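The values are calculated or read from the model by the stated rules, or taken from the named source; none is laboratory data. None of these values were measured; they are calculated from a predicted model. So basically every Cβ, Gly included, is an ideal-geometry build from the backbone, and we count neighbours across all protein chains shown.
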Amino acid sequence: MPVKSGNSSIRDRTHEFAGITERVKKSFSSQNGPSSSGSKPEEPPRSAVAMQSEFNRRASKIGFGIHQTSQKLAKLAKLAKRTSVFDDPTMEIQELTAVIKQDITALNSAVVDLQFLSNSRNESGPVSSDNTSHSTTVVDDLKNRLMSTTKEFKDVLTLRTENLKVHENRRQMFSSSVSKNPTNPFIRQRPLAGKSAASTSAAPPLPWANEGQSSSQMFPRNQAEGESQPLLQQQQNQQQQEMVPLQDSYMQSRAEALQNVESTIQELGNIFNQLATIVSEHGEIAIRIDENMEDTLANVEGAQGALLKYLNSISSNRWLMIKIFFVLIFFLTIFLFFVA
Amino acid sequence: MVKITALMVLKCRPEGSDPVILVNASDLSNFGFFQRPSVKEFIVFVGRTVAKRIPPGQRQSVQHEEYKVHSYNRDGLCALGFMDDHYPVRSAFSLLNQVLDEYQKNFGDSWKTVQDDNAQQWPYLSEALTKFQDPAEADKLLKIQRELDETKIILHKTIDSVLERGVKLDSLVEKSSDLSAASQMFYKQAKKTNQCCTIL
(Lines give C-alpha, C1' and ligand atoms only; values in the text may rest on other atoms or scores of the structure.)
Protein backbone atom coordinates (compact mmCIF):
# COMPACT_ATOMS: atom_id res chain seq x y z
CA MET A 1 0.00 0.00 0.00
CA PRO A 2 1.78 3.13 -1.08
CA VAL A 3 2.26 5.87 1.47
CA LYS A 4 -0.10 8.46 0.15
CA SER A 5 -3.25 8.47 2.23
CA GLY A 6 -4.21 12.01 3.09
CA ASN A 7 -0.89 13.60 2.17
CA SER A 8 -2.16 16.48 0.11
CA SER A 9 0.98 18.52 0.63
CA ILE A 10 3.02 15.79 -1.01
CA ARG A 11 2.79 15.54 -4.76
CA ASP A 12 1.29 12.21 -5.64
CA ARG A 13 3.00 11.09 -8.78
CA THR A 14 2.17 7.43 -8.37
CA HIS A 15 0.20 7.21 -11.58
CA GLU A 16 3.00 8.80 -13.57
CA PHE A 17 5.36 6.31 -12.06
CA ALA A 18 2.96 3.47 -12.86
CA GLY A 19 2.78 4.65 -16.47
CA ILE A 20 6.56 4.70 -16.68
CA THR A 21 6.80 1.16 -15.30
CA GLU A 22 4.23 -0.13 -17.79
CA ARG A 23 6.12 1.43 -20.61
CA VAL A 24 9.37 -0.05 -19.42
CA LYS A 25 7.70 -3.40 -19.06
CA LYS A 26 6.48 -3.27 -22.63
CA SER A 27 9.78 -2.18 -24.04
CA PHE A 28 12.03 -4.52 -22.10
CA SER A 29 9.64 -7.25 -20.98
CA SER A 30 11.77 -7.80 -17.93
CA GLN A 31 10.79 -7.96 -14.28
CA ASN A 32 8.83 -5.02 -12.98
CA GLY A 33 9.42 -2.70 -10.12
CA PRO A 34 12.60 -0.81 -10.98
CA SER A 35 13.73 0.93 -7.86
CA SER A 36 15.06 3.90 -9.85
CA SER A 37 13.66 6.75 -7.78
CA GLY A 38 13.81 5.54 -4.26
CA SER A 39 11.64 8.22 -2.80
CA LYS A 40 8.53 7.16 -4.69
CA PRO A 41 6.74 4.22 -3.18
CA GLU A 42 6.61 1.11 -5.39
CA GLU A 43 3.85 -1.37 -5.90
CA PRO A 44 4.29 -4.14 -3.38
CA PRO A 45 5.32 -7.41 -4.98
CA ARG A 46 2.52 -9.79 -5.61
CA SER A 47 3.96 -12.28 -3.14
CA ALA A 48 3.29 -9.89 -0.24
CA VAL A 49 3.67 -11.47 3.13
CA ALA A 50 1.37 -10.30 5.88
CA MET A 51 4.23 -8.44 7.52
CA GLN A 52 4.85 -6.46 4.35
CA SER A 53 1.35 -5.03 4.41
CA GLU A 54 1.67 -4.46 8.13
CA PHE A 55 4.86 -2.54 7.49
CA ASN A 56 3.18 -0.50 4.80
CA ARG A 57 0.20 0.25 6.96
CA ARG A 58 2.45 1.48 9.75
CA ALA A 59 4.52 3.54 7.35
CA SER A 60 1.42 5.17 5.93
CA LYS A 61 0.19 5.98 9.42
CA ILE A 62 3.49 7.56 10.29
CA GLY A 63 3.50 9.57 7.10
CA PHE A 64 0.01 10.81 7.83
CA GLY A 65 1.06 11.75 11.33
CA ILE A 66 4.04 13.67 10.02
CA HIS A 67 1.82 15.51 7.60
CA GLN A 68 -0.61 16.48 10.35
CA THR A 69 2.25 17.64 12.55
CA SER A 70 3.67 19.79 9.80
CA GLN A 71 0.26 21.36 9.30
CA LYS A 72 0.04 22.20 12.97
CA LEU A 73 3.57 23.54 12.77
CA ALA A 74 2.55 25.84 9.92
CA LYS A 75 -0.29 27.16 12.06
CA LEU A 76 2.11 27.71 14.96
CA ALA A 77 4.55 29.54 12.69
CA LYS A 78 1.78 31.85 11.54
CA LEU A 79 0.78 32.55 15.14
CA ALA A 80 4.37 33.19 16.18
CA LYS A 81 4.95 35.59 13.30
CA ARG A 82 1.81 37.51 13.93
CA THR A 83 2.39 38.30 17.61
CA SER A 84 2.41 41.96 18.41
CA VAL A 85 3.02 43.72 21.68
CA PHE A 86 -0.61 43.85 22.68
CA ASP A 87 -2.29 41.03 20.93
CA ASP A 88 -0.30 38.05 22.12
CA PRO A 89 -1.92 34.61 21.75
CA THR A 90 0.56 33.17 24.24
CA MET A 91 -1.77 30.48 25.57
CA GLU A 92 -2.57 29.11 22.15
CA ILE A 93 1.05 29.18 21.16
CA GLN A 94 2.10 27.30 24.24
CA GLU A 95 -0.67 24.71 23.86
CA LEU A 96 0.20 24.23 20.25
CA THR A 97 3.88 23.92 21.08
CA ALA A 98 3.19 21.22 23.69
CA VAL A 99 0.93 19.31 21.31
CA ILE A 100 3.48 19.44 18.51
CA LYS A 101 6.25 18.29 20.82
CA GLN A 102 4.17 15.31 21.92
CA ASP A 103 3.39 14.44 18.31
CA ILE A 104 7.01 14.61 17.31
CA THR A 105 8.16 12.34 20.13
CA ALA A 106 5.39 9.85 19.34
CA LEU A 107 6.30 9.86 15.66
CA ASN A 108 9.95 9.42 16.53
CA SER A 109 9.27 6.30 18.55
CA ALA A 110 6.97 5.00 15.82
CA VAL A 111 9.67 5.40 13.21
CA VAL A 112 12.17 3.59 15.42
CA ASP A 113 9.66 0.76 15.84
CA LEU A 114 9.15 0.61 12.13
CA GLN A 115 12.84 0.33 11.49
CA PHE A 116 13.16 -2.40 14.06
CA LEU A 117 10.26 -4.24 12.45
CA SER A 118 11.78 -4.04 9.02
CA ASN A 119 15.14 -5.23 10.34
CA SER A 120 13.58 -8.19 12.12
CA ARG A 121 11.61 -9.06 9.03
CA ASN A 122 14.71 -8.96 6.91
CA GLU A 123 16.43 -11.48 9.09
CA SER A 124 13.62 -14.02 9.00
CA GLY A 125 11.78 -15.43 6.05
CA PRO A 126 12.47 -15.16 2.33
CA VAL A 127 14.48 -12.09 1.56
CA SER A 128 14.13 -10.34 -1.75
CA SER A 129 16.43 -7.43 -2.43
CA ASP A 130 13.56 -5.32 -3.74
CA ASN A 131 11.69 -5.78 -0.49
CA THR A 132 14.62 -4.77 1.67
CA SER A 133 15.56 -1.80 -0.46
CA HIS A 134 11.94 -0.69 -0.51
CA SER A 135 11.54 -0.92 3.24
CA THR A 136 14.85 0.79 4.00
CA THR A 137 14.03 3.54 1.54
CA VAL A 138 10.64 4.12 3.08
CA VAL A 139 12.08 4.21 6.59
CA ASP A 140 14.81 6.64 5.53
CA ASP A 141 12.29 8.87 3.86
CA LEU A 142 10.11 8.97 6.94
CA LYS A 143 13.10 9.74 9.12
CA ASN A 144 14.15 12.59 6.85
CA ARG A 145 10.70 14.06 6.86
CA LEU A 146 10.52 13.85 10.62
CA MET A 147 13.91 15.56 10.89
CA SER A 148 12.87 18.40 8.67
CA THR A 149 9.68 18.83 10.68
CA THR A 150 11.69 18.99 13.90
CA LYS A 151 14.00 21.55 12.37
CA GLU A 152 11.08 23.71 11.34
CA PHE A 153 9.70 23.40 14.86
CA LYS A 154 12.98 24.64 16.27
CA ASP A 155 13.01 27.57 13.86
CA VAL A 156 9.54 28.55 14.89
CA LEU A 157 10.48 28.41 18.55
CA THR A 158 13.55 30.60 18.03
CA LEU A 159 11.46 33.05 16.07
CA ARG A 160 8.98 33.20 18.89
CA THR A 161 11.68 33.83 21.53
CA GLU A 162 13.19 36.54 19.37
CA ASN A 163 9.80 38.18 19.04
CA LEU A 164 9.32 38.04 22.78
CA LYS A 165 12.74 39.59 23.33
CA VAL A 166 12.04 42.40 20.89
CA HIS A 167 8.73 43.12 22.58
CA GLU A 168 10.38 43.17 25.98
CA ASN A 169 12.97 45.63 24.71
CA ARG A 170 10.34 47.86 23.18
CA ARG A 171 8.26 47.73 26.31
CA GLN A 172 11.29 48.63 28.38
CA MET A 173 12.13 51.49 26.08
CA PHE A 174 8.69 52.96 26.45
CA SER A 175 8.08 52.21 30.09
CA SER A 176 11.55 53.24 31.28
CA SER A 177 11.00 56.92 30.52
CA VAL A 178 7.65 56.84 32.31
CA SER A 179 8.51 54.85 35.39
CA LYS A 180 11.84 56.52 36.10
CA ASN A 181 10.37 59.80 37.29
CA PRO A 182 8.40 58.57 40.28
CA THR A 183 11.32 56.54 41.55
CA ASN A 184 13.83 59.32 41.13
CA PRO A 185 12.91 61.47 44.11
CA PHE A 186 13.40 58.54 46.42
CA ILE A 187 16.74 57.68 45.00
CA ARG A 188 17.89 61.21 45.32
CA GLN A 189 17.22 61.35 49.01
CA ARG A 190 18.92 58.12 49.92
CA PRO A 191 22.64 58.01 50.40
CA LEU A 192 23.75 57.00 47.02
CA ALA A 193 25.98 54.17 47.99
CA GLY A 194 23.81 51.76 46.18
CA LYS A 195 23.73 53.90 43.14
CA SER A 196 27.18 53.02 41.96
CA ALA A 197 26.04 49.51 41.21
CA ALA A 198 23.02 50.61 39.27
CA SER A 199 24.57 53.47 37.45
CA THR A 200 26.93 52.31 34.84
CA SER A 201 27.04 55.87 33.72
CA ALA A 202 30.13 57.55 34.96
CA ALA A 203 30.36 61.01 36.42
CA PRO A 204 33.36 63.14 37.13
CA PRO A 205 33.80 63.95 40.78
CA LEU A 206 31.42 66.62 41.80
CA PRO A 207 32.01 69.55 44.01
CA TRP A 208 28.57 68.94 45.53
CA ALA A 209 28.79 66.84 48.61
CA ASN A 210 25.20 65.77 48.40
CA GLU A 211 25.78 62.90 46.08
CA GLY A 212 28.38 60.32 46.79
CA GLN A 213 28.25 59.19 43.27
CA SER A 214 31.68 59.79 41.95
CA SER A 215 32.34 56.51 40.27
CA SER A 216 34.43 57.38 37.33
CA GLN A 217 35.23 53.97 35.99
CA MET A 218 33.79 54.76 32.64
CA PHE A 219 35.09 58.26 32.67
CA PRO A 220 38.16 57.47 30.53
CA ARG A 221 35.96 55.72 28.02
CA ASN A 222 33.61 58.62 27.84
CA GLN A 223 36.40 61.12 27.61
CA ALA A 224 37.58 59.27 24.61
CA GLU A 225 34.26 59.92 22.96
CA GLY A 226 34.37 63.48 24.03
CA GLU A 227 31.09 63.31 25.92
CA SER A 228 30.20 62.60 29.49
CA GLN A 229 27.17 61.32 31.30
CA PRO A 230 24.46 63.46 32.82
CA LEU A 231 24.49 63.85 36.56
CA LEU A 232 22.13 64.30 39.39
CA GLN A 233 21.76 67.88 40.39
CA GLN A 234 21.23 69.59 43.67
CA GLN A 235 17.76 70.40 44.60
CA GLN A 236 17.16 74.02 44.11
CA ASN A 237 15.14 76.25 46.30
CA GLN A 238 13.08 77.53 43.44
CA GLN A 239 9.41 76.74 43.53
CA GLN A 240 8.21 73.75 41.65
CA GLN A 241 11.55 73.05 40.12
CA GLU A 242 12.63 69.47 40.24
CA MET A 243 15.70 68.00 38.71
CA VAL A 244 15.26 64.77 36.91
CA PRO A 245 18.22 62.52 37.29
CA LEU A 246 18.88 60.85 33.98
CA GLN A 247 19.27 57.29 34.95
CA ASP A 248 19.88 56.02 31.44
CA SER A 249 22.80 57.83 30.04
CA TYR A 250 22.73 59.31 26.61
CA MET A 251 25.27 56.85 25.33
CA GLN A 252 23.40 53.87 26.68
CA SER A 253 20.23 54.83 24.94
CA ARG A 254 22.09 55.36 21.73
CA ALA A 255 23.71 51.96 22.01
CA GLU A 256 20.35 50.38 22.69
CA ALA A 257 18.82 52.04 19.67
CA LEU A 258 21.68 50.87 17.49
CA GLN A 259 21.24 47.31 18.71
CA ASN A 260 17.55 47.47 17.95
CA VAL A 261 18.27 48.69 14.48
CA GLU A 262 20.78 45.92 13.94
CA SER A 263 18.42 43.20 15.09
CA THR A 264 15.66 44.62 12.93
CA ILE A 265 17.92 44.53 9.93
CA GLN A 266 18.82 40.94 10.70
CA GLU A 267 15.19 39.97 10.87
CA LEU A 268 14.61 41.68 7.57
CA GLY A 269 17.43 39.69 6.03
CA ASN A 270 15.91 36.51 7.35
CA ILE A 271 12.56 37.39 5.89
CA PHE A 272 14.14 38.04 2.54
CA ASN A 273 15.84 34.67 2.60
CA GLN A 274 12.58 32.93 3.35
CA LEU A 275 10.95 34.85 0.57
CA ALA A 276 13.63 33.70 -1.84
CA THR A 277 13.15 30.08 -0.80
CA ILE A 278 9.41 30.25 -1.23
CA VAL A 279 9.67 31.85 -4.62
CA SER A 280 12.14 29.26 -5.86
CA GLU A 281 9.74 26.52 -4.76
CA HIS A 282 7.05 28.26 -6.73
CA GLY A 283 9.35 28.25 -9.70
CA GLU A 284 9.55 24.49 -9.56
CA ILE A 285 5.79 24.23 -9.24
CA ALA A 286 5.38 26.44 -12.26
CA ILE A 287 7.67 24.19 -14.28
CA ARG A 288 5.51 21.22 -13.42
CA ILE A 289 2.39 23.06 -14.40
CA ASP A 290 4.05 23.78 -17.69
CA GLU A 291 4.89 20.12 -18.22
CA ASN A 292 1.34 19.11 -17.48
CA MET A 293 0.04 21.59 -19.97
CA GLU A 294 2.43 20.35 -22.62
CA ASP A 295 1.26 16.81 -22.03
CA THR A 296 -2.29 17.97 -22.36
CA LEU A 297 -1.46 19.76 -25.57
CA ALA A 298 0.21 16.67 -27.03
CA ASN A 299 -2.70 14.48 -26.03
CA VAL A 300 -5.24 16.80 -27.50
CA GLU A 301 -3.32 17.13 -30.72
CA GLY A 302 -3.02 13.36 -31.02
CA ALA A 303 -6.69 12.99 -30.32
CA GLN A 304 -7.46 15.59 -32.94
CA GLY A 305 -5.35 13.71 -35.48
CA ALA A 306 -7.09 10.48 -34.63
CA LEU A 307 -10.46 12.08 -35.03
CA LEU A 308 -9.48 13.58 -38.35
CA LYS A 309 -8.40 10.20 -39.59
CA TYR A 310 -11.67 8.82 -38.39
CA LEU A 311 -13.54 11.50 -40.21
CA ASN A 312 -11.61 10.83 -43.36
CA SER A 313 -12.18 7.14 -43.15
CA ILE A 314 -15.85 7.69 -42.52
CA SER A 315 -16.30 10.03 -45.44
CA SER A 316 -14.20 7.96 -47.82
CA ASN A 317 -15.95 4.80 -46.76
CA ARG A 318 -19.23 6.43 -47.45
CA TRP A 319 -18.11 6.97 -50.93
CA LEU A 320 -17.22 3.32 -51.16
CA MET A 321 -20.55 2.35 -49.70
CA ILE A 322 -22.40 4.41 -52.26
CA LYS A 323 -20.41 2.83 -55.04
CA ILE A 324 -21.11 -0.67 -53.76
CA PHE A 325 -24.78 0.22 -53.47
CA PHE A 326 -24.90 1.43 -57.03
CA VAL A 327 -23.18 -1.71 -58.23
CA LEU A 328 -25.68 -3.83 -56.32
CA ILE A 329 -28.61 -1.94 -57.71
CA PHE A 330 -27.16 -2.27 -61.17
CA PHE A 331 -26.88 -6.03 -60.78
CA LEU A 332 -30.41 -6.20 -59.36
CA THR A 333 -31.82 -4.35 -62.33
CA ILE A 334 -29.93 -6.64 -64.74
CA PHE A 335 -31.21 -9.64 -62.83
CA LEU A 336 -34.74 -8.29 -63.01
CA PHE A 337 -34.32 -7.67 -66.70
CA PHE A 338 -33.23 -11.23 -67.26
CA VAL A 339 -36.04 -12.74 -65.26
CA ALA A 340 -38.79 -10.39 -66.30
CA MET B 1 2.19 65.53 20.51
CA VAL B 2 5.78 66.19 21.10
CA LYS B 3 6.74 69.79 20.93
CA ILE B 4 9.72 72.03 21.23
CA THR B 5 8.89 75.33 22.88
CA ALA B 6 12.21 77.13 22.67
CA LEU B 7 15.82 76.75 21.66
CA MET B 8 18.61 78.88 23.04
CA VAL B 9 22.31 79.19 22.69
CA LEU B 10 24.18 80.80 25.54
CA LYS B 11 27.68 81.54 26.48
CA CYS B 12 28.43 80.07 29.82
CA ARG B 13 31.18 81.72 31.65
CA PRO B 14 32.82 79.91 34.51
CA GLU B 15 31.05 79.95 37.84
CA GLY B 16 29.97 83.14 39.37
CA SER B 17 28.52 85.14 36.54
CA ASP B 18 25.36 84.95 34.54
CA PRO B 19 25.55 83.41 31.15
CA VAL B 20 24.99 85.60 28.15
CA ILE B 21 22.25 84.70 25.74
CA LEU B 22 23.56 84.54 22.23
CA VAL B 23 20.57 83.40 20.20
CA ASN B 24 17.01 82.69 21.18
CA ALA B 25 14.17 81.18 19.21
CA SER B 26 10.82 80.18 20.62
CA ASP B 27 7.47 78.92 19.46
CA LEU B 28 4.83 80.25 21.79
CA SER B 29 1.76 79.36 19.79
CA ASN B 30 0.41 77.31 22.65
CA PHE B 31 0.04 80.27 24.92
CA GLY B 32 -2.51 83.01 24.76
CA PHE B 33 -1.52 86.25 23.23
CA PHE B 34 -1.25 88.09 26.51
CA GLN B 35 0.77 85.45 28.21
CA ARG B 36 3.51 85.43 25.67
CA PRO B 37 5.75 88.14 27.01
CA SER B 38 5.69 86.68 30.50
CA VAL B 39 6.40 83.23 29.13
CA LYS B 40 9.30 84.64 27.18
CA GLU B 41 10.70 86.26 30.31
CA PHE B 42 10.27 83.03 32.14
CA ILE B 43 12.10 81.07 29.46
CA VAL B 44 14.98 83.51 29.51
CA PHE B 45 15.24 83.34 33.26
CA VAL B 46 15.08 79.56 33.50
CA GLY B 47 17.53 79.24 30.66
CA ARG B 48 20.04 81.48 32.36
CA THR B 49 19.67 79.61 35.63
CA VAL B 50 20.08 76.20 34.12
CA ALA B 51 23.04 77.26 32.04
CA LYS B 52 24.75 78.69 35.08
CA ARG B 53 24.52 75.42 36.92
CA ILE B 54 25.72 73.11 34.23
CA PRO B 55 29.37 72.12 34.43
CA PRO B 56 31.25 72.28 31.17
CA GLY B 57 31.29 69.30 28.87
CA GLN B 58 28.08 67.68 30.14
CA ARG B 59 24.46 67.10 29.38
CA GLN B 60 21.62 67.62 31.80
CA SER B 61 17.89 67.51 31.86
CA VAL B 62 15.81 69.52 34.26
CA GLN B 63 12.11 68.94 34.79
CA HIS B 64 9.97 71.99 35.36
CA GLU B 65 6.20 71.63 35.64
CA GLU B 66 5.35 69.97 32.42
CA TYR B 67 8.45 70.91 30.52
CA LYS B 68 11.84 69.40 30.37
CA VAL B 69 14.82 71.60 29.79
CA HIS B 70 17.68 69.77 28.16
CA SER B 71 21.01 71.46 28.29
CA TYR B 72 24.31 70.63 26.75
CA ASN B 73 27.45 72.46 27.57
CA ARG B 74 30.42 72.18 25.31
CA ASP B 75 33.53 74.24 25.95
CA GLY B 76 31.63 77.13 27.37
CA LEU B 77 28.96 77.22 24.68
CA CYS B 78 25.61 76.03 25.93
CA ALA B 79 22.64 74.90 23.97
CA LEU B 80 19.30 74.61 25.69
CA GLY B 81 16.04 73.14 24.53
CA PHE B 82 12.66 73.50 26.21
CA MET B 83 10.66 70.45 25.32
CA ASP B 84 7.67 68.65 26.65
CA ASP B 85 7.85 65.34 28.40
CA HIS B 86 7.20 63.21 25.38
CA TYR B 87 10.09 64.38 23.33
CA PRO B 88 12.62 61.58 23.42
CA VAL B 89 15.69 62.55 25.36
CA ARG B 90 18.08 61.12 22.86
CA SER B 91 16.73 63.10 19.98
CA ALA B 92 16.79 66.20 22.15
CA PHE B 93 20.48 65.86 22.79
CA SER B 94 21.31 65.03 19.23
CA LEU B 95 19.38 68.13 18.22
CA LEU B 96 21.39 70.24 20.65
CA ASN B 97 24.52 68.74 19.21
CA GLN B 98 23.49 69.71 15.74
CA VAL B 99 22.62 73.23 16.83
CA LEU B 100 26.00 73.71 18.44
CA ASP B 101 27.81 72.40 15.37
CA GLU B 102 25.89 74.71 13.10
CA TYR B 103 26.51 77.63 15.40
CA GLN B 104 30.23 77.07 15.45
CA LYS B 105 30.25 76.72 11.70
CA ASN B 106 28.38 79.95 11.26
CA PHE B 107 29.90 82.13 13.89
CA GLY B 108 33.28 80.60 14.51
CA ASP B 109 34.69 81.89 17.72
CA SER B 110 33.15 85.30 17.67
CA TRP B 111 30.77 84.37 20.44
CA LYS B 112 33.58 84.44 22.94
CA THR B 113 33.69 88.18 22.94
CA VAL B 114 30.00 88.87 23.15
CA GLN B 115 28.83 90.54 26.33
CA ASP B 116 25.26 91.57 25.64
CA ASP B 117 22.15 89.52 25.40
CA ASN B 118 20.67 88.69 22.03
CA ALA B 119 23.37 90.41 20.13
CA GLN B 120 23.18 88.09 17.14
CA GLN B 121 20.49 87.03 14.79
CA TRP B 122 20.39 83.55 13.50
CA PRO B 123 17.50 82.46 11.28
CA TYR B 124 18.72 78.88 11.29
CA LEU B 125 17.57 78.51 14.86
CA SER B 126 13.95 79.36 14.14
CA GLU B 127 13.98 77.11 11.11
CA ALA B 128 15.43 74.35 13.24
CA LEU B 129 12.71 74.92 15.78
CA THR B 130 9.98 74.25 13.26
CA LYS B 131 11.79 71.46 11.50
CA PHE B 132 12.59 69.48 14.58
CA GLN B 133 9.13 69.47 16.07
CA ASP B 134 9.08 65.91 14.82
CA PRO B 135 11.70 64.04 16.83
CA ALA B 136 12.43 61.70 13.99
CA GLU B 137 13.97 64.56 12.04
CA ALA B 138 16.52 65.28 14.67
CA ASP B 139 17.44 61.75 15.52
CA LYS B 140 18.53 59.68 12.58
CA LEU B 141 18.29 56.51 14.61
CA LEU B 142 14.60 57.08 15.24
CA LYS B 143 14.03 57.70 11.58
CA ILE B 144 15.86 54.56 10.60
CA GLN B 145 14.00 52.49 13.14
CA ARG B 146 10.69 53.83 11.93
CA GLU B 147 11.47 53.09 8.31
CA LEU B 148 12.72 49.62 9.18
CA ASP B 149 9.52 48.86 11.02
CA GLU B 150 7.47 49.95 8.07
CA THR B 151 9.60 47.83 5.79
CA LYS B 152 9.13 44.84 8.05
CA ILE B 153 5.37 45.25 7.94
CA ILE B 154 5.44 45.46 4.19
CA LEU B 155 7.59 42.35 3.99
CA HIS B 156 5.20 40.44 6.20
CA LYS B 157 2.38 41.37 3.87
CA THR B 158 4.51 40.32 0.94
CA ILE B 159 5.17 36.95 2.43
CA ASP B 160 1.49 36.46 3.12
CA SER B 161 0.61 37.23 -0.43
CA VAL B 162 3.37 34.98 -1.69
CA LEU B 163 1.97 32.15 0.41
CA GLU B 164 -1.43 32.78 -1.11
CA ARG B 165 0.19 32.66 -4.48
CA GLY B 166 1.64 29.32 -3.52
CA VAL B 167 -1.80 28.03 -2.66
CA LYS B 168 -3.12 29.19 -6.01
CA LEU B 169 -0.20 27.61 -7.79
CA ASP B 170 -0.97 24.36 -6.02
CA SER B 171 -4.53 24.45 -7.23
CA LEU B 172 -3.25 25.20 -10.71
CA VAL B 173 -1.02 22.14 -10.57
CA GLU B 174 -3.97 20.01 -9.58
CA LYS B 175 -6.12 21.38 -12.32
CA SER B 176 -3.45 20.96 -14.94
CA SER B 177 -2.82 17.38 -13.95
CA ASP B 178 -6.55 16.69 -14.10
CA LEU B 179 -6.64 18.33 -17.50
CA SER B 180 -3.77 16.20 -18.68
CA ALA B 181 -5.52 13.03 -17.49
CA ALA B 182 -8.75 14.04 -19.17
CA SER B 183 -6.99 14.79 -22.42
CA GLN B 184 -5.32 11.40 -22.22
CA MET B 185 -8.71 9.72 -21.87
CA PHE B 186 -9.92 11.77 -24.80
CA TYR B 187 -6.99 10.58 -26.88
CA LYS B 188 -7.58 6.97 -26.00
CA GLN B 189 -11.26 7.25 -26.84
CA ALA B 190 -10.44 8.75 -30.19
CA LYS B 191 -7.98 5.99 -30.93
CA LYS B 192 -10.48 3.39 -29.85
CA THR B 193 -13.23 4.64 -32.11
CA ASN B 194 -10.72 4.72 -34.93
CA GLN B 195 -9.47 1.19 -34.61
CA CYS B 196 -12.23 -0.93 -33.21
CA CYS B 197 -15.17 -0.93 -35.61
CA THR B 198 -15.03 -0.49 -39.28
CA ILE B 199 -17.65 1.63 -40.81
CA LEU B 200 -21.11 0.63 -39.83
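Here is how the numbers come out for the structure above:
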quantity	calculated
Candidates A:Lys309, A:Lys323 - the one that is more than 8 Å from chain B (Cβ to nearest Cβ), basic (Lys, Arg) and at negative phi	A:Lys323
Residues (in contact (Cβ under 8 Å) with a residue 40 or more places away in the chain and among the aliphatic types (A, V, I, L, M)) located in the range B:122-167	B:Leu125, B:Ala128, B:Leu129, B:Ala136, B:Ala138, B:Leu141, B:Leu142
Residues of the range A:287-316 that turn out to be of a type in the set (Gly, Ala, Ser) and buried (at least 16 other Cβ atoms within 10 Å of the Cβ), as a count	3
2 or more residues at negative phi and either free of Cβ contacts under 8 Å to residues at least 60 places away in the same chain or at the interface with another protein chain (Cβ under 9 Å from one of its Cβ atoms) (or both): qualifying strands (runs of 3 or more DSSP E) within the range B:47-86	B:59-64, B:67-74
Pairs where the first residue, in the range A:77-93, is modelled with pLDDT of 80 or more and the second is part of a loop (DSSP other than H, G, I, E, B), C-beta under 6 Å, 6+ apart	A:Leu79/A:Pro89
Which numbered condition B:Arg90 misses (of (1) over 25 Å from B:Arg13 (Cβ atoms); (2) part of a strand (DSSP E or B))	(2)
Subset of the range B:141-161 [closer than 17 Å to A:Ala74 by Cα and more than 10 Å from chain A (Cβ to nearest Cβ)]	B:Lys157, B:Ser161
Condition check for B:Glu164: surrounded by fewer than 12 Cβ atoms within 10 Å (Cβ to Cβ) and closer than 30 Å to A:Gln274 by Cα	yes
